[in-house]
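*Asks:* Okay, handing you the structure first.
The values are calculated or read from the model by the stated rules, or taken from the named source; none is laboratory data. Just so it is clear, the model here is predicted, and its values are computed rather than measured. Glycine gets a Cβ as well: all are built from the backbone with ideal geometry, and neighbour counts include every protein chain shown. Accessible surface is based on the protein model in full, side chains and every heavy atom, while ligands, DNA and RNA are left aside. Shrake-Rupley method; radii C 1.70, N 1.55, O 1.52, S 1.80 Å.
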Amino acid sequence: MDRPTKLLIGAFLGLLGVSAFAGYAQLADPPGFSGGPGQWKFAPSANDAHFGKVVHQPNGLKFPVGGVPVNMPAGYRFAANAPRVAAGFLFMNPYVRAAVGIAAWLASAKLIWDEVNKVWRQLEEGPQSGTGKLWSYPESPQFETAEKACRAYASSLSIDGWTYQYKSLTDVSSTSATCNVEYFHNNDPTYKRNGSQTLQAEDAPITKCPPGWTDTPAGCLSPAVPQPQFEDILSPKPMPETVPWELPYPSPLPVEKPWINPAPGPNPDHRPKFVPTGDPVKNPKYDPNAQPSPENQPFIQPGVRLQPSPTDTQPWRIDVQPVDRPQPTPEPLGEKDEGPGQTNPGDKPQEQFDLCEKHPDIVACAKMDDVKPDEVNNEDKTLVIKPEQGWGNENASCPAPVTKQVAGLSLEMSWQPFCDFATGIRPVVIAMAWLSAVLLVLGIARKES
């Protein structure tokens, strides 16, 4: 059964009343949620609450109980590669650069938008003066720092389906350093590999901006920064928590496996929810002479417990548990969010209604009598069928054509089409005659018996 069919069945049963349905139900995906196992995505909206990397979507999930939708929040944590995806959205949409969080993020990476040339650039303080080192790798320009040379090296690597990014510098000396990069396949960001390249350093006077950079009063302005390099520079910087809501809407970002009905805060977890399905009734098992306990209470509140029970492929699966909850007063309970893993010791599964147990005398519950076969006498009869000659000769032929003279013209009417038709249906007529004879004889024999 496919997923949409399950959702329709779950919704239909919910409209009939949860007491008629118990077991697993897959809730509909919340707005903005998409993707598949290991690649879930969520596009934040203005109504979401956020706590660092954790997002709470109020009323994101719905489940009908007795025809009334019950609302529950959904929770998400942005995945480790979410800043890189957000940087990609920002690179393609520079008009959102003035937003508070985005502006701070760009400033931390010293990235600016060149409105005249419609490109991104990086601004470094300078120009510097004095003697320093210029770093390079084979067949590359020189850079004033080893880190810039390493980042440029990572950006220069390009293989279809793979993304390279700067990782670290090791073995740094006055003449060389090891540039470490990591790369991962675009279809599986978790599949990461490492690579390295030796950088060479040369003593050189530093009196101007690096080759290819522009000297400005504000500092050295880099050439146009392509998107992979832009993401390499920006994504390692801490992303302000407001950035996902400042990106062009909707901008789906990678998230980890989500939560069902979490409590607000930076440390979410699945929480069960109790939903009443009727007014409290007297507890038939209540013993007023015994000590009160979670099970021994004067009244019972019927309800349903929605227990989160997600899987890797069904992140919104819940276990629908119709229960009776003992309580001390006849006042109806409201919806209640319970703690993660919390259970109510007084809850008892609702008894399934057995129609025949309650009403054994109705026709629908009547038992059929045992049927014993009666013996039937067998009698052999001899039947003889003799064919008759019928009418006419067996060697008859088709009549000759009829010829008439009309107004001096000779007209001829042939009987051949009629004869051909009669010849064609002859086997059918004979077969029907035989069948009629057999039915007639059988009817007479049965009547005599």
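*Asks:* Could you tell me which numbered condition T170 fails, if it satisfies all but one of (1) over 18 Å from Q229 (Cβ atoms); (2) under 43 Å from the mean Cα position of the chain (by Cα)?
*Replies:* Every listed condition holds for T170 apart from (2).
*Asks:* Okay, moving on. Being farther than 18 Å from G132 by Cα and open to solvent by less than 60 Å² (accessible area, probe 1.4 Å) is the filter here, so list the residues in the stretch 183-204 that pass it.
*Replies:* Those that are farther than 18 Å from G132 by Cα and open to solvent by less than 60 Å² (accessible area, probe 1.4 Å): Y183, F184, H185, P189, G195, Q197.
*Asks:* So, one more: Among the listed residues C419, C398, which satisfies the condition of being in contact with a helix residue (DSSP H, G or I) (Cβ under 8 Å, 6 or more places away or on another chain) and modelled with pLDDT of 80 or more?
*Replies:* Only one candidate passes the filter, namely C398.
*Asks:* In addition: Please enumerate the residues belonging to the stretch 423-436 that are closer than 30 Å to P399 by Cβ and either in contact (Cβ under 8 Å) with a residue 40 or more places away in the chain or of a type outside the set (D, E, K, R) (or both).
*Replies:* T423, G424, I425, P427, V428, V429, I430, A431, M432, A433, W434, S436, listed by residue number.
*Asks:* I would also like to ask the following. Here is a list: A104, A177, A154. Which entry is in a strand (DSSP E or B) and open to solvent by less than 60 Å² (accessible area, probe 1.4 Å)?
*Replies:* A177
*Asks:* Regarding the stretch 118-128, can at least one residue be identified that is free of Cβ contacts under 8 Å to residues at least 60 places away in the same chain, of a type outside the set (G, A, S) and surrounded by 15 or more Cβ atoms within 10 Å (Cβ to Cβ)?
*Replies:* no
*Asks:* Just wondering, is there one or more residues in the stretch 293-306 that are assigned to a strand (DSSP E or B), touching a residue at least 12 places away in the same chain (Cβ under 8 Å) and either in contact with a helix residue (DSSP H, G or I) (Cβ under 7 Å, 6 or more places away or on another chain) or open to solvent by 50 Å² or more (accessible area, probe 1.4 Å) (or both)?
*Replies:* The answer is yes; a qualifying residue exists.
*Asks:* Of everything in the stretch 205-251 that's touching an Asp or Glu at 6+ places or on another chain (Cβ under 9 Å) and small (G, A, S), which residue is surrounded by the most Cβ atoms within 10 Å (Cβ to Cβ)?
*Replies:* Checked the stretch 205-251; the qualifying residue surrounded by the most Cβ atoms within 10 Å (Cβ to Cβ) is S222.
*Asks:* Right, S168: assigned to a helix (DSSP H, G or I) and touching a helix residue (DSSP H, G or I) at 6+ places or on another chain (Cβ under 9 Å) or not?
*Replies:* Taking the combined requirement at face value, the residue does not satisfy it.
*Asks:* Do the conditions hold for F51, that is, is it hydrophobic (A, V, I, L, M, F, W, C), more than 20 Å from P308 (Cα to Cα) and modelled with pLDDT under 95?
*Replies:* Criteria met by F51.
For (1) at pLDDT 90 or above; (2) surrounded by 13 or more Cβ atoms within 10 Å (Cβ to Cβ); (3) within 22 Å of A22 (Cα to Cα), each residue gets a yes or a no:
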{"site": "F274", "(1), (2), (3)": "yes, yes, yes"}
{"site": "T277", "(1), (2), (3)": "yes, yes, yes"}
{"site": "V281", "(1), (2), (3)": "yes, no, yes"}
{"site": "V323", "(1), (2), (3)": "yes, yes, yes"}
{"site": "T329", "(1), (2), (3)": "yes, no, no"}
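Here is a yes/no grid of residues against (1) within 30 Å of L111 (Cα to Cα); (2) not small (G, A, S):
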site: G212; (1), (2): yes, no
site: P244; (1), (2): yes, yes
site: I260; (1), (2): no, yes
site: G265; (1), (2): no, no
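*Asks:* Please name all residue pairs, on different chains or six or more residues apart, with Cβ atoms under 8 Å, provided the first residue is in the stretch 141-170 and is over 18 Å from N81 (Cβ atoms) and the second residue is acidic (D, E) and not in a helix (DSSP H, G or I).
*Replies:* Correct list of pairs: Q142/E202.
*Asks:* Specify which of the listed residues (R325, R271) is under 30 Å from W40 (Cα atoms) and charged (D, E, K, R).
*Replies:* R271
*Asks:* Here's another thing I want to ask about it. Restricting to the stretch 42-51, and then to whatever is aliphatic (A, V, I, L, M) and not in a strand (DSSP E or B), can you tell me which residue is surrounded by the most Cβ atoms within 10 Å (Cβ to Cβ)?
*Replies:* Across the stretch 42-51, the extreme among qualifying residues is A43.
*Asks:* Sort out which residues of the stretch 270-298 are in contact with a Pro (Cβ under 9 Å, 6 or more places away or on another chain) and of a type in the set (G, A, S), and write them in order of number.
*Replies:* The answer is G278, S293.
*Asks:* If you scan the stretch 52-79, which residues turn out to be open to solvent by 40 Å² or more (accessible area, probe 1.4 Å) and either in contact (Cβ under 8 Å) with a residue 24 or more places away in the chain or assigned to a helix (DSSP H, G or I) (or both)?
*Replies:* Correct list: K53, K62, G66, R77.
*Asks:* Tell me the residue from G10, G38, G66, G88 that is closer than 23 Å to T190 by Cβ, at pLDDT below 95 and small (G, A, S), please.
*Replies:* G38
*Asks:* Of E139, E147, which residue is open to solvent by 70 Å² or more (accessible area, probe 1.4 Å), of a type in the set (D, E) and more than 24 Å from P240 (Cβ to Cβ)?
*Replies:* Answer to the check: E139.
*Asks:* Looking at (1) more than 25 Å from the chain's Cα centre (by Cα); (2) open to solvent by 20 Å² or more (accessible area, probe 1.4 Å), find the lone condition where L90 falls short.
*Replies:* Of the numbered conditions (1) more than 25 Å from the chain's Cα centre (by Cα); (2) open to solvent by 20 Å² or more (accessible area, probe 1.4 Å), the odd one out for L90 is (2).
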